[in-house]
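Working notes for the structure below.
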Amino acid sequence: MNALVAVAERAGPWRDAFAARLPAMRFHLWPDDAPPEVDVALVWKPDPEAFRRVRVKRAIFNLGAGVDALLSLPTLPRGVPVVRLEDAGMAEQMAEYAVLVVLRAFRDAAHYERAQRDGRWAPLARRDKAAFGVGILGAGLLGQAVARALGPFGFPLAAWSRRPHDIPGVASFAGRASLDAFLARSAVVIGLLPSTPATRGLLGAAAFAAMPRGGEVVNLGRGDLIVEPDLIAALDSGRLGHATLDVFGAEPLSPDHPFWHHPGITITPHVSAVTRIAESVEQVAAKLEALARGEPVSGAVDRASGY
Ligand code: NAP
Ligand code: GLV
């Protein structure tokens, strides 16, 4: 088998890692070493021209979990299966991030940081944990990892997805009709949804109004989940207490974006779960070996659903 490596950043290290793991396979680096056809393409935010110049015969492997950027490419060949990364070291990172943010919110960390800056001794009453629901939008590999990590802390947990999921200790809400009930019990809402036509703009004024007053939104999936002006309005009015955002409608966030200096917003630059080359190469290499043996591989994307 041969493969095209078309990766926007760190392309050389990806190619070298694949070549070291699968020495019998030929890896061509886009654009300089692009052959007219390959068995598979290994891509992350590829140059759209790559699919015009190189015919991919068997599969396209997305070197990330989210496939929104790839599926939006007009040059993406139809009829070729797209396979995404499954966890590959990202679930652990998402769990770390979510636990950090939820515990900060529950223990009023921002209040005590402000009080210390002002030299104020300002104890707050302990929050009622039974009333501090944590809702995870998305019950996929990353959402479930977050639920497992939060489990031991005893918050009432819920997850929202398209289809119901039976996750121990996590109330399952499925489908649009259940969204308001899910939001109403979530003091913290953690977005771990893919960007699809059905999820874009899901968290806007109506969703924020359905949450408990003063709640927190944490977005770790894709930025277009949130209607940005509605988020600012909800924070300014006190409807929401805080937002922690790792992903944005346009990245990098422009220097003059109002989010940067909003006192109710904490920003990280799309680092809640970074792609790790070693784990990702190992996962994809095992799937390439399975393909070569004629076996099916997991992680196939349903293009109609967009994830
Ligand atoms: P996944 O396993 O495919 O899970 C996606 C979840 O979203 C599933 O539970 C799915 O429901 C649910 N979902 C999709 N469309 C929905 C809709 N219209 N209504 C309700 N639920 C819907 O994906 P994952 O591996 O957990 O990754 C989730 C996303 O995280 C990725 O797509 C990517 O955009 C993002 N991500 C971000 C970073 C970062 O650093 N910020 C890193 C990695 C990934 P069902 O279970 O019913 O199918
Ligand atoms: C990162 O955002 C990914 O989708 O892997």
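Relative to the dominant Cα principal axis of the chain, helix 141-150 is inclined by about 40°. Taking a ≥ b ≥ c as the square roots of the eigenvalues of the alpha carbon gyration tensor, the stretch 187-307 is prolate, as a/c is not under 1.5 and a/b beats b/c. With an a/c value of 1.5 or above and a/b larger than b/c for the gyration tensor axes a ≥ b ≥ c computed over the alpha-carbon atoms, the stretch 90-177 is described as prolate. Taking every protein chain into account, the 1.4 Å probe leaves Arg303 with about 90 Å² of accessible area, to the nearest ten.
Quick one: angle between helix 11-21 and the longest Cα principal axis of the chain, in degrees between 0 and 90, rounded to 10, please. Relative to the chain, helix 11-21 is tipped by roughly 70 degrees. Across every pair of non-identical alpha carbons in the stretch 34-124, the mean reciprocal distance, once inverted, gives a Kirkwood radius of 16.7 Å.
May I ask you to list the lysines whose Cα is less than 20 Å away from that of Lys57, ignoring any residue fewer than eight positions away on the same chain? Output for Lys57: Lys45, Lys287. Counting every alpha-carbon pair across the chain, the share separated by more than 27 Å comes to 47%. For the stretch 18-170, the square roots of the Cα gyration tensor eigenvalues, ordered a ≥ b ≥ c, give a/c of at least 1.5 with a/b greater than b/c, which places it in the prolate category.
Beta bridges from DSSP with both residues in the stretch 124-251: antiparallel share about 5 percent, rounded to the nearest 5.
Between the DSSP loop rule and a limit of at most 16 other Cβ atoms within 10 Å, which chymotrypsin sites (Phe, Trp or Tyr not before Pro) in the stretch 102-206 are left?
Here the chymotrypsin sites (Phe, Trp or Tyr not before Pro) that fit, given the DSSP loop and packing criteria, are Trp121.
For the chain, the share of DSSP beta bridges that are antiparallel, to the nearest 5, is 5%.
For the stretch 1-72, which GluC sites (Glu not before Pro) are in a loop by DSSP, counting at most 11 other Cβ atoms within 10 Å? Walk me through the intermediate numbers first.
Values: sites: Glu9, Glu37, Glu49; in loops: Glu9.
Sparse-neighbourhood loop GluC sites (Glu not before Pro): Glu9.
In square nanometres, what is one fourth of the surface area of the convex hull spanned by the alpha carbons of the stretch 90-267?
Averaged projected hull area, Cα only: 10.4 nm².
Taking a quarter of the surface of the Cα convex hull of the stretch 157-247 gives a mean projected area of 5.3 nm². On the chain, 55 percent of the accessible area sits on carbon and sulfur atoms, based on a 1.4 Å probe. With all protein chains kept in place, the per residue accessible area of the stretch 90-267 amounts to 48 square angstrom at a probe of 1.4 angstrom.
With respect to the chain, whose longest principal axis is taken over its alpha-carbon atoms, helix 90-106 is tilted by about 10°.
The values are calculated or read from the model by the stated rules, or taken from the named source; none is laboratory data. Predicted model, so just to flag it, every value in this text is computed and none were measured. Positions of Cβ are generated from backbone atoms using ideal geometry, with glycine treated the same way; all protein chains shown enter the neighbour counts. For the accessible areas, the whole protein counts, side chains as well, though only heavy atoms, and no ligand, DNA or RNA atoms are used. Shrake-Rupley method; radii C 1.70, N 1.55, O 1.52, S 1.80 Å.
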